[in-house]
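First the structure, in the form of structure tokens, and then the observations on it.
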Amino acid sequence: MAVADTLAADDTIAAIASATGAGGVGVIRVSGPRAIEVVAATLGRQTLPEREVVVGRARDAGGARIDQVIAFAMRAPRSFTGEDVAELHGHGGAANLAALLDAVLSRGARLAAPGEFTRRAFTSGKLDLTQVEALPLVIEAGSERALRVAQAQLDGALGAHLAELHGRALAVLAELEATIDFPEEELGPSGPAWIAAELTALATACEQLARSFRAGRALGGGLVVALVGPVNAGKSSLVNALLGQERVLVAATPGTTRDVVEARAIWDGVPVTLVDTAGERADPAGLDDVERRGIALGRERATAADVVVVVNDDEAGWDDGARFGDRAVVVHSKADLRSTRVGALPTSATTGVGLDQLRAEVLRRAGLADAEGAVDQVLVTARQHELVGRAAAAALAALAGLAAARPAELVAIDARDVVTALAALLGREVDEALLDTIFARFCLGK
């Protein structure tokens with residue numbers, strides 16, 4: 001049974017909408033047809049004026065005083081959920097907020113399910129699904145740049161762009177279906193050239209959006225950058241230099257790093273986790289078990305990393321990083337001591353040569369080298385990426401069908417897939433099971 005089947009839309013729901021640890025202020029949010037009545041009763045009042053702050057004493061079901069609070073009401077549809085909403089703001093702290101919540105529940109509200117407030121906002125048309133998916137990113141943003149991307153999506157920038165593409169796809173589908181309904185007629189005044197141009201534009205726009213996902217994922221979850229290379233190549237020194245502090249032990253003895261060491265930084269507004277891996281040896285036969293396991297773990301982390309910095313010092317052969325594909329940034333370390341190879345980025349942990357260039361190249365490989373202001377149209381979830389890819393593929397298939405003079409019915413099938421994928425991105429054609437999955441990520445008060 002879908003979660004939605006157990007949630008009655010006419011219930012009045014309540015939850016703690018703020019952090020439950022120690023704090024100056026805590027919030028109880030209530031939404032639904034009896035929200036204002038329930039909160040007013042908690043204060044011993046008949047009702048609450050709309051959008052006016054009321055100071056009062058909240059009491060439990062037996063009339064015992066709980067806390068001095070402020071309360072206010074927002075009547076439908078001018079609220080986050082589109083329903084009547086009322087809030088109690090009391091002193092923070094888990095015990096106090098639990099008592100305030102119990103007082104509200106005892107007067108007829110029920111405890112909200114995770115994400116139920118946001119789900120009601122979506123159902124009432126206050127948010128599209130791209131805005132819903134942006135909410136957790138706003139809350140969890142680990143950098144200013146990530147926050148700007150999340151806020152742009154919450155403001156509806158991505159949704160507006162997708163809605164525009166959806167409208168264009170609908171127009172193409174309508175033109176195609178007109179020829180199916182009226183086969184004796186030629187394509188309308190727009191003509192096949194217009195349809196081909198629109199399908200091309202739709203495919204291009206969707207492919208561009210799909211490429212943005214790498215950057216959106218990095219901004220949301222941060223970049224993982226693994227440094228790999230032979231023992232004593234300077235990986236740990238490079239990590240310390242990039243951080244501007246000693247985070248990893250460095251010694252002249254080869255193999256100082258025997259385990260994976262992680263350190264975090266912010267580069268150009270992007271959270272970055274640097275992973276220093278155990279150095280590889282030309283002759284691994286004499287390795288002890290600890291170093292062997294450390295090398296294996298480092299390889300695993302490099303395989304999963306967003307970007308891999310391949311560190312060479314010319315002492316143990318040359319590693320071109322080809323096995324990592326376009327994730328590899330090849331550097332020649334200790335540039336203050338030797339000339340560097342063509343095609344490798346020269347770096348020096350001692351003098352700082354190449355460090356800024358290395359940071360910039362890592363961000364570029366992750367798709368984050370675009371202008372700072374380009375935050376409006378970035379995909380941030382795997383669901384969005386999959387659907388945009390599906391829309392692009394369907395647009396290209398329709399375009400190929402049109403070029404091959406296939407029957408309009410067949411071309412329309414692919415065009416309809418474009419419309420369906422773009423509608424699903426906005427939440428216009430999604431099933432309840434998918435919504436259950438999306439909203440399950442939210443906390444109770446959101």
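Before moving on, here are some points about what is shown:
- Some residue of the stretch 75-89 being without any contact (Cβ under 8 Å) to a residue 40 or more places away in the chain, open to solvent by less than 30 Å² (accessible area, probe 1.4 Å) and under 20 Å from Phe117 (Cβ atoms): no
- Top-ranked residue in the stretch 301-326 [being under 34 Å from the mean Cα position of the chain (by Cα) and open to solvent by 50 Å² or more (accessible area, probe 1.4 Å); ranked as nearest to Gly354 (Cα to Cα)]: Asp320
- Scope the stretch 20-63; condition among the aliphatic types (A, V, I, L, M), touching a strand residue (DSSP E or B) at 6+ places or on another chain (Cβ under 8 Å) and assigned to a loop (DSSP other than H, G, I, E, B); matching residues: Leu43, Leu48, Val53
- Residue check, Asp314 at pLDDT below 80 and part of a loop (DSSP other than H, G, I, E, B): yes
- Exactly one residue out of Val138, Val224 is open to solvent by 20 Å² or more (accessible area, probe 1.4 Å) and not in a helix (DSSP H, G or I): that is Val224.
- Any hit, the stretch 106-120, residues being free of Cβ contacts under 8 Å to residues at least 60 places away in the same chain and among the basic types (Lys, Arg): no
- Set side by side, the residues Gly62, Gly21, Gly26 differ, and just one is at pLDDT below 95 and open to solvent by less than 20 Å² (accessible area, probe 1.4 Å), which is Gly26.
- Residue in the stretch 354-361 that is modelled with pLDDT of 90 or more, of a type outside the set (A, V, I, L, M, F, W, C), closer than 20 Å to Arg148 by Cβ and in a helix (DSSP H, G or I) present: yes
- Restricting the stretch 111-128 to residues that are in contact with a Lys or Arg (Cβ under 8 Å, 6 or more places away or on another chain) and assigned to a helix (DSSP H, G or I) leaves a set whose member that is nearest to Phe439 (Cα to Cα) is Thr118.
- Residues in the stretch 373-424 that are of a type in the set (S, T, N, Q), within 15 Å of Leu158 (Cα to Cα) and either in contact with a Lys or Arg (Cβ under 9 Å, 6 or more places away or on another chain) or outside any helix (DSSP H, G or I) (or both): Gln377, Thr381.
- So Gly82, is it over 22 Å from Leu135 (Cβ atoms) and either small (Gly, Ala, Ser) or in a strand (DSSP E or B) (or both): no
- So Ile36, is it of a type in the set (A, V, I, L, M) and within 28 Å of the chain's Cα centre (by Cα): no
- The set of residues in the stretch 146-184 that are open to solvent by less than 10 Å² (accessible area, probe 1.4 Å) and either more than 23 Å from Leu129 (Cβ to Cβ) or not small (Gly, Ala, Ser) (or both) comprises Val149, Gln153, Leu158, Leu162, Leu165, Val172, Leu176.
The values are calculated or read from the model by the stated rules, or taken from the named source; none is laboratory data. Nothing here was measured: the structure is a model prediction, and the numbers come from that model. Don't worry about glycine lacking a Cβ; one is built from the backbone with ideal geometry, like all the others, and counts go over all protein chains shown. What goes into the accessible areas is simple: the full protein's heavy atoms, side chains included, and nothing from ligands, DNA or RNA. Shrake-Rupley method; radii C 1.70, N 1.55, O 1.52, S 1.80 Å.
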